[in-house]
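Here the structure is laid out as structure tokens; the discussion comes afterwards.
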Amino acid sequence: MESKTLRDKILDAIKTVYDPEIPVDIYELGLIYEINVYPVDNVYVLMTLTSPACPAAEIIPVEVEEKIKAIPEVNDIKVEITFDPPYTQDMMSEAAKLELGFM
């Protein structure tokens, strides 16, 4: 079995984070815009939320950071929130759209 890259492990960690109001993980929802792994295993995640008024706005980025920090190889993690471009349901994966009945 091929060993997972750090990026794969980061994706796995992100896929364990859910918006409390939606039964789909934030990656499938399309909330993750960018994942960069820099030298010395510093990780940068650019993400958005379903809306600026999202009740979980304080919780989700912290949870993303904690899950990624738990990966032994990660040296440092920065999670940045952006609302540009604004989130739309078109950003969801097909799996998420099916799960939520949009297809």
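No lab work stands behind these numbers, since they all come straight from the coordinates. Please read all numbers here as calculations on a predicted model, not as lab measurements. Cβ coordinates were reconstructed from backbone atoms using ideal geometry, including for glycine residues, and neighbour counts include every protein chain displayed.
Where a Cα-Cα gap under 18 Å defines reach, which aspartates and glutamates qualify for Lys97, not counting those fewer than 8 residues away within the same chain? Lys97 reaches Asp19, Glu21, Asp25, Glu28. Counting only residues at least eight positions apart within a chain, or on another chain, the lysines with an alpha carbon under 19 Å from that of Lys78 are Lys9, Lys15, Lys67, Lys69.
Taking Cα centre as origin and charging only the Cβ of basic (Lys, Arg, +1) and acidic (Asp, Glu, -1) residues, the dipole magnitude of segment 6-86 rounds to 120 debye.
Computed 3J(HN,Hα) for segment 31-42, one whole-Hz value per residue from the Karplus formula 6.51 cos²θ - 1.76 cosθ + 1.60 where θ = phi - 60°, is 7, 9, 8, 7, 10, 10, 10, 9, x, 6, 6, 8, glycine and proline marked x.
Using only Cα atoms, tell me the angle between helix 59-69 and the longest principal axis of the chain; keep it within 0 to 90° and round to the nearest 10. Long axis of 59-69 versus the principal axis of the chain: about 30 degrees. A crude spin-label estimate for the pair Leu11 and Tyr33, with each label 7 Å from Cα along the Cβ direction, gives 2.1 nm.
For the chain, the residue among Tyr87, Pro55, Ala13 whose Cα projects farthest onto the positive side of the dipole built from Cβ charges is Ala13. Between the amide H of Lys78 and those of Val43, Tyr44, Val45, distances stay under 5 Å, these residues lying 5 or more places away or on another chain, with hydrogens modeled in the peptide plane.
Antiparallel beta bridges, as assigned by DSSP with both residues in the chain, represent about 55 percent of the total such bridges. Taken along the Cα-to-beta-carbon direction at a fixed 7 Å, the label points for Asp84 and Ala70 span 3.4 nm. Using C-alpha pairs under 8 Å with a sequence gap of at least 6, the mean separation divided by the residue count of the chain gives a relative contact order of 30 percent.
Highest-first packing order for the peptide set 66-76, 16-26 is 16-26, 66-76, based on the mean count of other beta carbon atoms within 10 Å.
Cα centroid distance between segment 47-77 and segment 3-22, in Å? Taking the Cα centre of each part, segment 47-77 and segment 3-22 sit 10 Å apart.
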